[in-house]
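The structure appears right after this line, and notes come after that.
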């Protein structure tokens, strides 16, 4: 038997309360994430993973081995990765906001 919602709950499910094109924008945001987080065609891990491992190597050289010559490279890469992660977070936040707006309309009778 299918769950039923009340007439009042049904009346809340209007285009004024939720723009369904927001879900398509969320799909676009996920596509941005895919570009940065997918494995490459040859099966190599995402570049972000590779770059984080490189950052670890640079940090080891600077912090643990006292290599001053690697400090500029360390922080240049750290700033680049921070920018990339900020961009990814923006995409995830867009998905989260869309889903939050939709789930805020969750009919109580379906609980």
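Is it the case that segment 36-49 has a residue that's under 30 Å from residue 107 (Cβ atoms) and assigned to a loop (DSSP other than H, G, I, E, B)? Lay out the reasoning, then the answer.
To start, the set of residues in segment 36-49 that are under 30 Å from residue 107 (Cβ atoms) comprises none.
Looking through segment 36-49, none of the residues is under 30 Å from residue 107 (Cβ atoms) and assigned to a loop (DSSP other than H, G, I, E, B).
Looking at (1) surrounded by 12 or more Cβ atoms within 10 Å (Cβ to Cβ); (2) free of Cβ contacts under 8 Å to residues at least 60 places away in the same chain; (3) in contact with a helix residue (DSSP H, G or I) (Cβ under 8 Å, 6 or more places away or on another chain), which one does residue 18 not meet, given that it meets all the others?
The one condition residue 18 does not meet is (2).
It is to be established whether one or more residues within segment 93-103 are farther than 30 Å from residue 16 by Cβ, in a helix (DSSP H, G or I) and free of Cβ contacts under 8 Å to residues at least 60 places away in the same chain. Even if it seems obvious, please write down each step before you answer.
Narrowing segment 93-103 to residues farther than 30 Å from residue 16 by Cβ: none.
No, that holds for no residue.
Would it be correct to say that residue 31 is exposed (fewer than 12 other Cβ atoms within 10 Å of the Cβ), more than 20 Å from residue 80 (Cα to Cα) and either touching a residue at least 12 places away in the same chain (Cβ under 8 Å) or under 16 Å from the mean Cα position of the chain (by Cα) (or both)?
Against the criterion (exposed (fewer than 12 other Cβ atoms within 10 Å of the Cβ), more than 20 Å from residue 80 (Cα to Cα) and either touching a residue at least 12 places away in the same chain (Cβ under 8 Å) or under 16 Å from the mean Cα position of the chain (by Cα) (or both)), residue 31 qualifies.
Does residue 11 qualify as being part of a helix (DSSP H, G or I), loosely packed, with under 12 Cβ neighbours inside 10 Å and under 19 Å from the mean Cα position of the chain (by Cα)?
On the way: part of a helix (DSSP H, G or I): yes; loosely packed, with under 12 Cβ neighbours inside 10 Å: yes; under 19 Å from the mean Cα position of the chain (by Cα): no.
No.
Which of the numbered conditions does residue 71 fail, given that it passes all the others? Conditions: (1) assigned to a helix (DSSP H, G or I); (2) within 30 Å of residue 96 (Cα to Cα); (3) more than 26 Å from the chain's Cα centre (by Cα).
Going through (1) assigned to a helix (DSSP H, G or I); (2) within 30 Å of residue 96 (Cα to Cα); (3) more than 26 Å from the chain's Cα centre (by Cα) one by one, residue 71 breaks only (2).
Hey, among 72, 59, which residue is surrounded by 14 or more Cβ atoms within 10 Å (Cβ to Cβ), over 18 Å from residue 88 (Cα atoms) and without any contact (Cβ under 8 Å) to a residue 60 or more places away in the chain?
Values: 72 fails: surrounded by 14 or more Cβ atoms within 10 Å (Cβ to Cβ).
Residue meeting the stated conditions: 59.
Quick one: in segment 34-47, of everything that is more than 15 Å from the chain's Cα centre (by Cα) and surrounded by 12 or more Cβ atoms within 10 Å (Cβ to Cβ), which residue is nearest to residue 91 (Cα to Cα)? Working first, answer last.
So in segment 34-47, the residues more than 15 Å from the chain's Cα centre (by Cα) come out as 39-45, 47.
From what is left, the residues that are surrounded by 12 or more Cβ atoms within 10 Å (Cβ to Cβ) are 45, 47.
Working: 45: 21, 47: 18 Å.
Filtering segment 34-47 for residues that are more than 15 Å from the chain's Cα centre (by Cα) and surrounded by 12 or more Cβ atoms within 10 Å (Cβ to Cβ), the one nearest to residue 91 (Cα to Cα) comes out as 47.
No lab work stands behind these numbers, since they all come straight from the coordinates. Computed from a predicted model, the values in this text were never measured in an experiment. Cβ coordinates were reconstructed from backbone atoms using ideal geometry, including for glycine residues, and neighbour counts include every protein chain displayed.
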